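Input: a single structure, listed below in structure tokens.
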Amino acid sequence: MRTASNGVDGATSANGGSALDPLPVRMLNEYAYCPRLFHFMHVEGRWADNVYTVQGRHAHRRVDKLDHILPEADAGSPTVSQTQEGTSSRQADPASSGSSPAPDEPSRDEGDEPPVVTRSVPLSSDRLGLTAKLDLVATAGDEAVPVETKRGRVPDVPERCYEPERVQLMAQGLLLREHGYQCDHGVLYFVGSRTRVDVPFTADLEARTLHLIAQARQAAQSTCLPDPLEDSPKCNGCSLSGICLPDETLTLRHVPPDPATPNQPYVRRLYPARDDALPLYVQEQGASVGKTGENLVVRKQKQELARARLKDVSQLVLCGNISVTAQTVHLLCEAGIPIVHLSRGHWFFGLTHGITLRNAYDRAAQFRTAADPARCLKLARAFVTAKGSNQRTLLRRNASTSTTEAADDMARLLTQVESATSLDQLLGLEGSLAACYFRLFATMLKPRDFDAQWDFQHRNRRPPRDPVNALLSFAYALLVKECTVALLSEGLDPWWGFYHQPRHGRPALALDLMEEFRPIVADSAVISAINTGMVARNDFTMSASACMLNDTGRKALIRAFEARLDHLVTHPVFDYRCAWRAVIRLQARLLARWLRGDVPEYVGMITR
């Protein structure tokens with residue numbers, strides 16, 4: 001046992017410097033559960049809530065209110081077992097079920113001092129390299145019993161608990177021993193079944209815990225993502241499964257997968273198909289956004305225009321001359337909700353967001369890749385291939401005239417993309433694909449307002465000179481906003497691209513990512529807005545040199561764009577259904593994984 005302990009004593013940094021930061025015991029639990037989960041939470045600082053994590057916080061609400069100080073161990077006082085005559089130490093423990101005393105109201109046998117119950121106890125040990133906040137500790141004399149609260153029910157396994165919970169409790173016992181207490185067992189209290197489970201601190205459990213401490217402390221210094229669990233039931237209830245993407249990662253390691261081939265592994269969609277929270281758009285000029293409690297309130301001249309709960313908002317999008325109070329900015333930054341700034345003329349100015357990620361590894365990998373022309377070219381080919389393929393598919397689905405010639409020309413150009421040897425050559429191929437596409441773009445339009453000027457000849461901008469180009473420009477601004485938010489949520493730099501070269505004020509990486517989504521999200525939203533009559537002639541302000549959307553037209557296109565993002569689509573690689581907004585976030589996440597080497601290929605989103 002002494003040898004196992006010594007394995008933790010000498011933990012130092014990789015360069016032989018000072019000792020590592022103490023490892024939270026909660027993270028030791030996560031490492032025993034899944035090393036990849038540990039990496040995301042402890043190394044990269046990633047976190048996401050689900051119903052289980054919310055229930056877990058609710059179960060801990062009492063012990064998390066206030067930190068208490070553990071009393072000094074007193075070898076001359078009765079032990080926990082001695083304080084209740086004729087009962088076992090397990091019966092004397094707090095957090096008992098049935099008619100046993102409540103954790104903070106232990107029974108008092110006449111003539112004996114009751115155990116002292118202390119909640120939310122912070123402890124640490126430099127020798128062990130651990131720190132923890134114990135839910136509850138019962139002490140009497142020099143004996144202590146840690147009690148850990150779990151939200152669920154007692155599992156149906158022989159030990160009545162899983163190894164991560166036993167290891168976590170054993171680590172708490174080691175910390176209590178470091179502070180002078182005798183500690184030979186602990187208690188797990190399962191809130192779901194109101195049952196406690198006694199966990200004896202055996203020599204095997206102690207050795208296993210010390211071994212995992214050493215492994216976890218070493219893993220905390222690694223920048224490499226551990227492999228995901230394969231077809232594990234642990235992934236189903238994990239709140240980080242949508243960040244981890246275990247099945248997607250394993251699938252992409254066998255590129256190219258073909259869902260039509262028999263015996264292909266089933267890919268589980270472990271994240272919601274749609275998000276409950278949605279962007280809040282504010283475009284009433286002169287309005288102000290403030291907060292009341294956990295609500296965002298839009299006002300103009302002391303009149304309330306709108307109100308939204310914070311938990312229902314994924315972005316605050318300001319279109320034009322809209323102000324935000326400092327308190328609201330602080331609230332949104334703390335909640336990790338970005339504030340998006342758009343001009344009335346459809347320009348995407350930028351974002352205000354909090355420091356939600358401490359992970360610098362993705363950005364380091366991004367900058368290394370940007371300095372490698374071969375990898376940049378490989379990624380750019382994937383972007384152009386996906387964009388061109390989606391343009392061709394959209395034409396074949398929606399054009400009112402024959403597209404055979406254009407489709408054949410585009411297919412020929414797409415075969416040349418894989419053999420392109422430079423970014424300049426790729427730019428030429430992309431331009432030729434776009435020329436074929438926009439030459440027939442007007443054939444996909446069937447406007448209900450026949451008096452409107454829908455005569456679309458070619459793509460123009462800065463400023464757009466006809467209604468269709470005005471719609472496209474605004475839709476692309478909304479799309480680059482969506483891609484920028486997705487990239488920032490992964491810790492990537494949206495302004496440093498691979499295909500679009502970095503330039504002051506241009507979110508180059510967001511422009512890279514949005515290429516594959518231009519036809520199937522932005523263009524599709526514009527076509528729907530026109531063909532369904534959502535926009536009409538009076539939604540535009542025309543002049544001799546420009547055409548601009550007015551407030552009514554912008555609202556109509558925002559509705560069409562958001563409806564498109566909310567539309568469910570079957571993923572061509574993973575063969576499950578999710579909304580387009582989720583797909584954009586998924587592609588940003590897979591791009592980050594490709595940069596880190598977690599997946600060997602970046603596969604663009606090509607609609608079927």
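Remarks
- The numbered conditions (1) closer than 21 Å to Val116 by Cα; (2) modelled with pLDDT of 90 or more are all true for Ala138 except (2).
- Region 192-218 residues that are closer than 16 Å to Arg166 by Cβ, paired with ones that are among the basic types (Lys, Arg) and surrounded by fewer than 19 Cβ atoms within 10 Å (Cβ to Cβ) (beta carbon under 6 Å, 6 or more apart): Val197/Arg160; Asp198/Arg90
- Scan of region 534-564 for residues that are in contact with an Asp or Glu (Cβ under 7 Å, 6 or more places away or on another chain) and closer than 20 Å to Leu395 by Cα, ordered by number: none
- Selection within region 41-58 - modelled with pLDDT of 80 or more and farther than 20 Å from Ile337 by Cα: His42, Val43
- Close pairs from region 480-502: first among the β-branched types (Val, Ile, Thr), partner in a loop (DSSP other than H, G, I, E, B), Cβ under 7 Å, at least 6 apart: Val480/Pro507; Thr484/Pro494; Thr484/Pro507; Val485/Pro338
- Restricting region 418-437 to residues that are surrounded by 12 or more Cβ atoms within 10 Å (Cβ to Cβ) and small (Gly, Ala, Ser), the residue that is farthest from His500 (Cα to Cα): Ala435
- Scope region 186-213; condition surrounded by 18 or more Cβ atoms within 10 Å (Cβ to Cβ) and either in a strand (DSSP E or B) or hydroxyl-bearing (Ser, Thr, Tyr) (or both); matching residues: Gly186, Val187, Leu188, Tyr189, Phe190, Arg196, Val197, Val199, Thr209
- Cross-chain or 6+ apart pairs with Cβ under 6 Å, region 352-371 first and at pLDDT 90 or above, then part of a helix (DSSP H, G or I) and not aromatic (Phe, Trp, Tyr): Ala365/Leu595; Ala365/Arg596; Gln366/Leu595; Thr369/Arg375; Thr369/Leu595
- Every residue from region 267-295 that is touching a Lys or Arg at 6+ places or on another chain (Cβ under 7 Å) and of a type in the set (A, V, I, L, M): Ala273, Ala277, Ala287
- Residue satisfying condition, being farther than 30 Å from Thr223 by Cα, buried (at least 18 other Cβ atoms within 10 Å of the Cβ) and under 29 Å from the mean Cα position of the chain (by Cα), within set Phe574, Phe498, Phe517: Phe517
- One residue stands out among those in region 198-223 that are at pLDDT 90 or above and among the β-branched types (Val, Ile, Thr): the one that is nearest to the chain's Cα centre (by Cα), which is Ile213.
- Selection status of Asp598, farther than 22 Å from Trp347 by Cα and in contact (Cβ under 8 Å) with a residue 40 or more places away in the chain: yes
- Hits in region 312-343 - residues which are assigned to a strand (DSSP E or B) and either buried (at least 16 other Cβ atoms within 10 Å of the Cβ) or in contact with a helix residue (DSSP H, G or I) (Cβ under 9 Å, 6 or more places away or on another chain) (or both): Val313, Ser314, Gln315, Leu316, Val317, Leu318, Cys319, Val324, Ile339, Val340, His341, Leu342
Per-residue answers, yes or no, for (1) outside the structural domain of Arg577 (by TED's automatic domain parsing); (2) under 24 Å from Thr484 (Cβ atoms); (3) within 26 Å of the chain's Cα centre (by Cα); (4) not basic (Lys, Arg):
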{"site": "Pro272", "(1), (2), (3), (4)": "yes, yes, yes, yes"}
{"site": "Gly286", "(1), (2), (3), (4)": "yes, no, no, yes"}
{"site": "Gly290", "(1), (2), (3), (4)": "yes, no, no, yes"}
{"site": "Asn295", "(1), (2), (3), (4)": "yes, no, yes, yes"}
{"site": "Ser314", "(1), (2), (3), (4)": "yes, yes, yes, yes"}
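- When the criteria are applied in full, Leu427 fails the requirement of being under 25 Å from Leu316 (Cβ atoms), modelled with pLDDT of 90 or more, of a type in the set (A, V, I, L, M) and in a helix (DSSP H, G or I).
- Region 568-595, residues that are charged (D, E, K, R) and closer than 27 Å to Ala370 by Cβ: Arg581, Arg585, Arg589, Arg593
For (1) modelled with pLDDT under 85; (2) loosely packed, with under 13 Cβ neighbours inside 10 Å; (3) of a type in the set (Ser, Thr, Tyr); (4) touching a Leu at 6+ places or on another chain (Cβ under 8 Å), each residue gets a yes or a no:
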site	(1), (2), (3), (4)
Asp231	no, yes, no, no
Ser241	no, no, yes, yes
Thr249	no, no, yes, no
Leu278	no, no, no, no
Val298	no, no, no, yes
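- Meets criteria (surrounded by fewer than 17 Cβ atoms within 10 Å (Cβ to Cβ), touching a Phe, Trp or Tyr at 6+ places or on another chain (Cβ under 8 Å) and not small (Gly, Ala, Ser)) for Arg459: yes
- Any hit, region 144-167, residues being touching a Ser or Thr at 6+ places or on another chain (Cβ under 8 Å), in contact (Cβ under 8 Å) with a residue 40 or more places away in the chain, part of a strand (DSSP E or B) and crowded, with 24+ Cβ neighbours inside 10 Å: yes
The values are calculated or read from the model by the stated rules, or taken from the named source; none is laboratory data. Values in this document were obtained by computation on a predicted structure and should not be read as measured data. Ideal geometry is used to build each Cβ from the backbone, glycine not excepted, and the neighbour counts take in all protein chains shown.
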